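So the structure is just underneath, and the comments pick up after that.
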Amino acid sequence: FMAVPFLKQVADHLLTQHKDTLESCCVVLPNKRAALFLKKHLAAVSGKTLWLPKILGAEEFFSELSELIVLEEIDLVCRLYESYRAYYGEKAEAFDSFSKWAQLILQDFNEIDRYLADSHQLYENLRNIKEIENWSLGDEELTEQQKEYLVFMASMGQIYTHFNAQLIKDNKAYQGMVYRKAIQKFENSELISAYSRFIFCGFNAMNAAEEKIIHTLYLRGKAQLLWDTDAYYMNDPEQEAGLFLRRLVNLMPDGRKCDAEENFSTSKSIHVVSVPKQMGQAMVVKQ
């Protein structure tokens, strides 16, 4: 038994429920790769030439909302180094040393913005936590390394602010930044006014920015959500696989549940093949 692919179900839904208004629909998928397969399913299901809806990955969708251009990682690291030097001046590390841990800072900035956190308060709290961790009832002085780390934590909020300001001047951004800016530009977005229906497909654990915009569109009657779920974990509150989806379905209950029936519970034929190393496994999968 083979379940009907989720994107095939999405194609069926689009051509059944929106066949006369496809050009006014914007379909948002978790990633760009899924867009290629959705287009193939739409072509196969329709069997004829048709106007496709606008199909975007989540990051493309938020990038268009923000009207900012996401830079490549190497460009971001170079610009982040400029913000780092603006704070530390002559005490700044050399670029080759900085570049080894710059990606971690970018990852933190991405998460801060995706979840709409207050960067200044966050880094202030982290600095206070580190001070408490290093505090001693004795008279021992903090080591130079501990002092430097506390200074570094105190600097991150200012580096974040400087980094964002420099990017905005050039209409550029990192991935997380477009999520925060999308919230700010949402009400006046040309993308939002250009389409009458936004169909979000296959989303599961959303970050705060995704949830805020999708829920706002949902409350305005412009969003529809297609869930890729199975009754095995959706109907059982003890199944952690459905934790985020159950919350989203309760938050936006009119989202159409789009899945095959009871796939996890059907009988299956499983063959175990013992193969050493990844290359061997790839060859077995190919066969």
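Computed values, structure above
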{"read-out": "Extreme residue, most open to solvent (accessible area, probe 1.4 Å), among residues of the stretch 161-177 that are free of Cβ contacts under 8 Å to residues at least 60 places away in the same chain and of a type outside the set (Val, Ile, Thr)", "value": "Lys169"}
{"read-out": "Only one of Leu243, Leu248 that is hydrophobic (A, V, I, L, M, F, W, C), part of a helix (DSSP H, G or I), more than 23 Å from Thr16 (Cα to Cα) and open to solvent by less than 30 Å² (accessible area, probe 1.4 Å)", "value": "Leu248"}
{"read-out": "Neighbours by Cβ (under 6 Å, 6+ apart or cross-chain): first from the stretch 252-281, of a type in the set (Phe, Trp, Tyr); second open to solvent by less than 100 Å² (accessible area, probe 1.4 Å) and modelled with pLDDT of 80 or more", "value": "Phe264/Asp230"}
{"read-out": "Residue tally, condition open to solvent by less than 60 Å² (accessible area, probe 1.4 Å), in a helix (DSSP H, G or I) and of a type in the set (A, V, I, L, M), over the stretch 199-240", "value": "7"}
{"read-out": "All positions within the stretch 11-35 that are modelled with pLDDT under 95 and either under 21 Å from the mean Cα position of the chain (by Cα) or of a type in the set (Lys, Arg) (or both)", "value": "Lys19, Pro30, Asn31, Lys32, Arg33, Ala34, Ala35"}
{"read-out": "Scope the stretch 268-279; condition farther than 25 Å from Ala3 by Cα and over 33 Å from the mean Cα position of the chain (by Cα); matching residues", "value": "Ser274, Val275, Pro276"}
{"read-out": "Test: residue in the stretch 178-198 that is at pLDDT 95 or above, open to solvent by less than 50 Å² (accessible area, probe 1.4 Å), part of a strand (DSSP E or B) and among the hydrophobic types (A, V, I, L, M, F, W, C)", "value": "yes"}
{"read-out": "Failed item in (1) open to solvent by 70 Å² or more (accessible area, probe 1.4 Å); (2) of a type in the set (A, V, I, L, M, F, W, C); (3) free of Cβ contacts under 8 Å to residues at least 24 places away in the same chain, with Phe152 passing the rest", "value": "(1)"}
{"read-out": "Matching residues in the stretch 39-63 - criterion: being without any contact (Cβ under 8 Å) to a residue 40 or more places away in the chain, closer than 17 Å to Gln9 by Cα and of a type outside the set (Val, Ile, Thr)", "value": "Lys39, Lys40, His41, Leu42, Ala43, Ala44, Ser46, Gly47, Leu52"}
{"read-out": "Odd one out for Ser83 among (1) in contact with a His (Cβ under 9 Å, 6 or more places away or on another chain); (2) open to solvent by 30 Å² or more (accessible area, probe 1.4 Å)", "value": "(2)"}
{"read-out": "Conditions (1) open to solvent by 80 Å² or more (accessible area, probe 1.4 Å); (2) at negative phi: number failed by Lys277", "value": "(2)"}
{"read-out": "Scope the stretch 8-18; condition open to solvent by 30 Å² or more (accessible area, probe 1.4 Å) and either without any contact (Cβ under 8 Å) to a residue 24 or more places away in the chain or in contact with a His (Cβ under 7 Å, 6 or more places away or on another chain) (or both); matching residues", "value": "Lys8, Thr16, Gln17"}
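The values are calculated or read from the model by the stated rules, or taken from the named source; none is laboratory data. Keep in mind it's a predicted model, so treat the numbers as computed, not measured. Heads up, the Cβs are rebuilt from the backbone with ideal geometry, glycines too, and the neighbour counts pull from every protein chain shown. Note: areas computed on protein heavy atoms with side chains; ligands, DNA, RNA excluded. Shrake-Rupley method; radii C 1.70, N 1.55, O 1.52, S 1.80 Å.
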